[in-house]
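Written out below as structure tokens is the structure these notes cover.
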Amino acid sequence: MDNQHRNEWYGPEATTFKKYKDYNLINYQCEGTGICMDYSLFSGIDLIFMDFNCSHTFREPMVNRDILDIRHYRQGRVEFEFQNQKVFHMRENEFCINTLANMPASYSFPFEKCSGVSLVIDRDSIDSSTIHQFSLYGIDIRNLGEHLELDIHWYICKTPENLHHIFDELYEAKGKESATYFRIKILELLYHVQKLRSEDRYAAVYYSKEHIEIVKQARKLLIGDLETKIPLESLIAGENISMVTFQAIFKQIYGDSPYTHLKKYKMNCAAVRLREGKESISEIAVSLGYSNASKFSKAFQDVFGLLPKDYRRQKQSI
């Protein structure tokens, strides 16, 4: 992929700010940080490690190319919004394959922090030498994924067992191994990709942007007052959404039910205060809405596996 096509793929917010022997570092101008490490491995084939810590919404550039995108996330969630204002969330350890025919209009990160890897195959730029190299291993790179009907819908599933170790090894090798190492791993990855079965894909669940925004606003209210237990019904009173849909969307975005998410949020706040402050455990408990220290301690232990006093002792001794 030449520089022009690479720039088109990343969009106007991205610039190459450092070039190394085996990869380029791409920086996004955003509300936080966004960095990609781009290894150009074969003609038309790039392996891109993505690390974001921001609340920014990025527009997906619509490149006039025959692009196949194979993607995996190991941390965080990604919110994809499509042209019809339907929204889908991709979670940790999910795996997807997509073409430009079904590319989202924009994407953002509900937890702000997100990291993953993308293999971008620009089939318009693949040369005959690359086609031949892959064919030696039984891989038809020009028609990869054709049996998955990617022009109709994208392929998404829980990461198959035979791909787990490949992604783990890719993440471990990021910034350490040479491009040659990644070429070998990509051959292994694509060997397994061509054996994926269409019937193993998820039936992706999409929700309206209107409902997504209602849930996000409700979550802000939920974590905005940590001393008071807010009834879920009051969070969506007067909104055009049922409780069943609200709970389903909340879990899709944040991974837990509203109260479980709130509990984890509170305990993470407590952990920071236990590490960095001198407040008593009772004071922290009351400020987080617990009537006594014992209930707070049990909740903390449920999340961190330690009582607050033991957690504080362990962290302050480091």
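The values are calculated or read from the model by the stated rules, or taken from the named source; none is laboratory data. Computed from a prediction, not measured in an experiment: that's the story for all the values here. Methodologically, a virtual Cβ is constructed for each residue, glycine included, from the backbone with ideal geometry; neighbour enumeration extends over all protein chains shown. Each accessible area value is taken on the protein alone, full model and side chains, heavy atoms only, with ligands, DNA and RNA left out. Shrake-Rupley method; radii C 1.70, N 1.55, O 1.52, S 1.80 Å.
Can you run down the residue pairs with Cβ atoms below 6 Å, 6 or more apart or on separate chains, where the first is in the stretch 246-271 and at positive phi and the partner is basic (Lys, Arg) and in a helix (DSSP H, G or I)?
none
Could you go through the stretch 79-93 and let me know if any residue there is of a type in the set (Phe, Trp, Tyr), assigned to a strand (DSSP E or B) and either open to solvent by 10 Å² or more (accessible area, probe 1.4 Å) or closer than 19 Å to Tyr155 by Cβ (or both).
Applying the first criterion (of a type in the set (Phe, Trp, Tyr)) to the stretch 79-93 yields 80, 82, 88.
Remaining after also requiring assigned to a strand (DSSP E or B): 80, 88.
Next, only the ones that are either open to solvent by 10 Å² or more (accessible area, probe 1.4 Å) or closer than 19 Å to Tyr155 by Cβ (or both) stay: 80, 88.
Yes, there is a match, as at least one residue in the stretch 79-93 is of a type in the set (Phe, Trp, Tyr), assigned to a strand (DSSP E or B) and either open to solvent by 10 Å² or more (accessible area, probe 1.4 Å) or closer than 19 Å to Tyr155 by Cβ (or both).
Looking at Ile97, Ile67, can you tell me which residue is modelled with pLDDT under 90 and either touching a strand residue (DSSP E or B) at 6+ places or on another chain (Cβ under 9 Å) or surrounded by 19 or more Cβ atoms within 10 Å (Cβ to Cβ) (or both)? I'd like the intermediate steps shown before the answer.
Details: Ile97 fails: modelled with pLDDT under 90.
Going through Ile97, Ile67 in turn, the sole match is Ile67.
Name the pairs: first residue in the stretch 153-176 and closer than 17 Å to Glu92 by Cβ and touching a residue at least 40 places away in the same chain (Cβ under 8 Å), second residue of a type in the set (S, T, N, Q) and surrounded by 16 or more Cβ atoms within 10 Å (Cβ to Cβ), Cβ to Cβ under 7 Å, at least 6 apart or on different chains?
As it stands, the answer is Phe167/Thr159, since those pairs meet every condition given.
For the stretch 218-233, check the following and say yes or no: at least one residue is of a type in the set (S, T, N, Q), modelled with pLDDT under 95 and outside any loop (DSSP other than H, G, I, E, B). Full working, then the answer.
Quick first cut of the stretch 218-233, residues of a type in the set (S, T, N, Q) only: 228.
Retained after the next criterion (residues that are modelled with pLDDT under 95): 228.
Then drop every residue that is not outside any loop (DSSP other than H, G, I, E, B), which leaves none.
No, there is no match, as no residue in the stretch 218-233 is of a type in the set (S, T, N, Q), modelled with pLDDT under 95 and outside any loop (DSSP other than H, G, I, E, B).
Kindly provide the set of residues from the stretch 177-199 that are of a type in the set (Lys, Arg) and at pLDDT 95 or above, ordered by number. Step through it out loud before you land on a result.
Residues of the stretch 177-199 that are of a type in the set (Lys, Arg), as a first pass: 183, 185, 195, 197.
Within the stretch 177-199, Arg183, Lys185 meet the criteria.
Starting from residues that are buried (at least 16 other Cβ atoms within 10 Å of the Cβ) and within 24 Å of the chain's Cα centre (by Cα), keep the ones in the stretch 218-246 and report whichever is farthest from Tyr290 (Cα to Cα).
Among those residues, the one meeting the criterion is Thr245.
List the pairs whose first member sits in the stretch 198-210 and is in contact (Cβ under 8 Å) with a residue 12 or more places away in the chain, whose second member is part of a loop (DSSP other than H, G, I, E, B) and of a type in the set (Val, Ile, Thr), and whose Cβ atoms are under 9 Å apart, counting only residues at least 6 apart or on separate chains?
So the pair list comes out as Glu210/Ile241.
State all residues of the stretch 129-149 that are in contact (Cβ under 8 Å) with a residue 24 or more places away in the chain and farther than 16 Å from Ile45 by Cα; if no residue qualifies, say none. Break it down stepwise before answering.
Kept after step one, since they are in contact (Cβ under 8 Å) with a residue 24 or more places away in the chain, are these residues of the stretch 129-149: 129-130, 133-134, 137-141, 144-145, 147-149.
Residues satisfying the conditions are Tyr137, Gly138, His147, Leu148, Glu149.
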